[in-house]
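The values are calculated or read from the model by the stated rules, or taken from the named source; none is laboratory data. Since the model is a prediction, treat every value here as computed from it, not as a measurement. For neighbour counting, all protein chains shown are included, and Cβ atoms are generated from backbone atoms with ideal geometry for every residue, glycine included.
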Amino acid sequence: MTKGANKYSHLEIASSILLIILLTLSIAAVFYIITMPKQGEKFTEFYILGPGWMAYDYPTSVVVGNRSMVIVGITNHEYTKINYTMQMVFENYTFFSKNITLEHNQTWKQPMTYVIYQPGVQQKLEFLLFKEKNFSAPYRDLYFWANVSQER
């Protein structure tokens, strides 16, 4: 080896620099993973409950002109504030509409009363949920069939 010659080859120096860069990037990636919260699945809960606040016992047999009730619930798990529109539809006729704004993880739950004036068997009562004023198709939908009889 000649006097003043470098002890390390260019390949060894480049390898060392690359190793330092990769180690720095690895530490930064671990720090990012630890400090940034993970975002779970985005979804909205939309449900109806019977009058006893249970997920059954819907008023499927009602009398024309009598009040019936269900509880409608919406919970936002979308990780942002969402503007919803909830509609109640009976046999393709929208008879109720309400705008509801919910923050992430906020729940709206309300008893909803309605009166049906048209007798018939297996009539469809729908609950439609629209998101951010997009009325092209419901974001979520629920329904049950009601038998509506004349007064007894």
Of the criteria (1) exposed (fewer than 12 other Cβ atoms within 10 Å of the Cβ); (2) more than 26 Å from K42 (Cβ to Cβ), which one N99 fails: (2)
Per-region count, region 103-152, residues acidic (D, E) and over 20 Å from M54 (Cα atoms): 3
Single match in Y79, Y47 (criterion: surrounded by 11 or more Cβ atoms within 10 Å (Cβ to Cβ), farther than 14 Å from E126 by Cα and of a type in the set (F, W, Y)): Y79
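Yes/no per residue for (1) in the same structural domain as F130 (by TED's automatic domain parsing); (2) under 23 Å from the mean Cα position of the chain (by Cα); (3) without any contact (Cβ under 8 Å) to a residue 60 or more places away in the chain:
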{"residue": "Y56", "(1), (2), (3)": "yes, yes, yes"}
{"residue": "V62", "(1), (2), (3)": "yes, no, no"}
{"residue": "I82", "(1), (2), (3)": "yes, yes, yes"}
{"residue": "F90", "(1), (2), (3)": "yes, no, yes"}
{"residue": "T101", "(1), (2), (3)": "yes, yes, yes"}
Candidate set: region 1-59, residues that are assigned to a loop (DSSP other than H, G, I, E, B), at pLDDT below 90 and of a type in the set (G, A, S); chosen: the one nearest to Q106 (Cα to Cα): G40
